[in-house]
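**Q** My structure is below; once you've seen it, I'll send some questions.
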Amino acid sequence: MGETTLSRALKTIDEISKYPEGLRFSQIRKFLGNPSPTTVTKILKELTSTDVIAKNSDGAYVLGVKPYFWGKATSRRQGLMQNIREHMKNLHLEFGASVNLFNSSGGNMFCLESFMAPQSPSMWQGGQSLELELPVIGSIFFYPDEKLENEEFLSSEIAKHSEEISLSRVRQMIKESFSSGFQDDFGLFYPGVRRFAVPLKEEGRTIMVLGAGVLEARLKKEGLAENIISKMKDIKIRIEDEINT
């Protein structure tokens, strides 16, 4: 199968980006494997009309203004992730918690970042992909409401745990989580570990979930759980302000 016009256009943009002085028609055609002049003209015309490339005074094709804005958008995203990491690190250091950042794709959760506390071995390492299941901290925010209202589904998920878990308590936890926008599992799923999570939303859609796990024994200290919850809610507000700006 031959190359599509789109793949040739993308290759053209990439090649032009390597030459500040630009490339001429003949050079671009040669780079593309000498397709017909009509094909090359069509690609260059489309890219020029959308400001992806431009023709300079010497007749060479250079990058246009559109890639500049692409670059700024990418830079903002990279800056966003750096800020999220900093928030996670501070949360980890302040409370001695294991902190994870997840997203979801194709029925799997993927751990994007992780700050591990040695007392919480059940937290996942960054870079690990995990099947999306209800007991996973924060995963409820990736499910549609109707899925979480299905008692058969909830029961099948609960059955995957070796520990006996109350369906009524799980349903109450889900209800409170969606009502408050904050999940506290009260140690339901993993004995001895209490987990918290907040969804990070872009235009109302959950794109990531920030989770934290702390040994329940440590939470006996007065006010510690409330301070963690308050801190995570504050982080959520700050990150979402940046995401949606």
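**Q** If you take every DSSP beta bridge whose two residues both sit in the chain, what share of them, in percent to the nearest 5, is antiparallel?
**A** On the way: 31 of 31 bridges.
Counting DSSP beta bridges with both partners in the chain, the antiparallel share is about 100 percent.
**Q** Quick one: pull the percentage of alpha-carbon pairs in the chain with a separation above 30 Å. Spell out each step's value before the answer.
**A** On the way: 13548 of 29890 pairs.
Summing the P(r) of the chain above 30 Å gives 45 percent of all pairs.
**Q** For a Förster distance of 22 Å, can you work out the FRET efficiency between the beta-carbons of Ile237 and Glu149, rounded to the nearest 0.05? Walk me through the numbers on the way to the answer.
**A** On the way: r = 28 Å, r/R0 = 1.28.
For R0 = 22 Å, the calculated efficiency reads 0.20.
**Q** Near Lys160, which lysines are there with a Cα under 25 Å away, not counting those fewer than 8 places off in the same chain?
**A** By straight Cα distance, Lys160 reaches Lys147, Lys175.
**Q** Right, here's the next one. How far, in nm, would the chain grow between Asp14 and Ile207 when pulled straight, counting 0.36 nm per residue and subtracting the alpha carbon separation?
**A** Numbers: separation 193, 0.36 × 193 = 69.48 nm, distance 2.91 nm.
My answer for the length gained is 66.6 nm.
**Q** Please sort by residue number the GluC sites (Glu not before Pro) in the stretch 155-199 whose DSSP state is loop and whose Cβ has at most 10 other Cβ atoms within 10 Å. Before the final figure, lay out the partial values.
**A** Details: sites: Glu157, Glu163, Glu164, Glu176; in loops: Glu163, Glu164.
Here the GluC sites (Glu not before Pro) that fit, given the DSSP loop and packing criteria, are Glu163, Glu164.
**Q** Sort Leu200, Leu6 so that the residue with the fewest other Cβ atoms within 10 Å of its own Cβ comes first and the one with the most comes last.
**A** Working: Leu200 22, Leu6 10.
The fewest-first ordering by Cβ neighbours comes to Leu6, Leu200.
**Q** Further question: Work the Kirkwood hydrodynamic radius out for the stretch 148-203: mean of 1/r over every pair of different alpha-carbon atoms, inverted, in Å.
**A** Details: mean 1/r = 0.0819 Å⁻¹.
12.2 Å is the Kirkwood radius here.
**Q** In addition: Report the gain in length on full extension from Asp58 to Thr39: 0.36 nm times residue separation, minus Cα-Cα distance, nm rounded to one decimal. List each step's numbers first, then the result.
**A** On the way: separation 19, 0.36 × 19 = 6.84 nm, distance 2.22 nm.
Full extension from Asp58 to Thr39 adds 4.6 nm.
**Q** At 222 nm, what helix-only mean residue ellipticity would the chain give, in deg cm²/dmol to the nearest 500, using -39500 (n - 2.57) for each DSSP H run of four or more? Don't jump to the answer; show the numbers that get you there.
**A** Numbers: 8 runs with 108 residues, N = 245.
Taking each H run of at least 4 residues, the total per residue is -14000 deg cm²/dmol.
**Q** If you take the Cα atoms of the stretch 158-245, find Rg, then find the Kirkwood Rh from the mean of 1/r over all pairs, what is Rg/Rh? All intermediate terms of the calculation are to be shown ahead of the outcome.
**A** Details: Rg = 14.3 Å, Rh = 14.2 Å.
My calculation puts Rg/Rh at 1.01.
**Q** Stretch Thr48-Leu93 to full length: gain in nm at 0.36 nm per residue minus the Cα-Cα span? Write down the numbers at each step before the final one.
**A** Numbers: separation 45, 0.36 × 45 = 16.20 nm, distance 5.07 nm.
Residue separation times 0.36 nm, minus the Cα-Cα distance, leaves 11.1 nm.
**Q** Below 8 Å between Cα atoms, with a sequence gap of 6+, how large is the relative contact order for the chain in percent?
**A** 14
**Q** Using a simple spin-label model with points 7 Å from Cα along the Cα→Cβ vector, what separation in nm is obtained for Ser156 and Asn108?
**A** It is 2.0 nm.
**Q** At a temperature of 10 °C and a viscosity of 1.306 mPa s, determine how fast the stretch 5-64 diffuses translationally according to Stokes-Einstein, using the Kirkwood radius over alpha-carbon pairs as Rh; express D in µm²/s, rounded to the nearest whole number. List each step's numbers first, then the result.
**A** Working: Rh = 11.1 Å.
Calculated translational D: 143 µm²/s.
**Q** Would you list which lysines come within 19 Å of Lys89, measuring only between C-alpha atoms, while excluding same-chain residues fewer than 8 positions from it?
**A** Within the straight-line limit of under 19 Å, Lys89 reaches these lysines: Lys231, Lys233, Lys236.
**Q** If the cut-off is 19 Å between C-alpha atoms, which lysines fall inside it for Lys18, apart from same-chain ones fewer than 8 positions away?
**A** Partners found: Lys30, Lys55, Lys66, Lys72.
Rule-based calculations on the coordinates, nothing more; no lab input. These numbers were taken from a predicted model, which means no experiment stands behind them. All Cβ positions, even for glycine, are placed from backbone atoms using ideal geometry, and neighbour counts span all protein chains on display.
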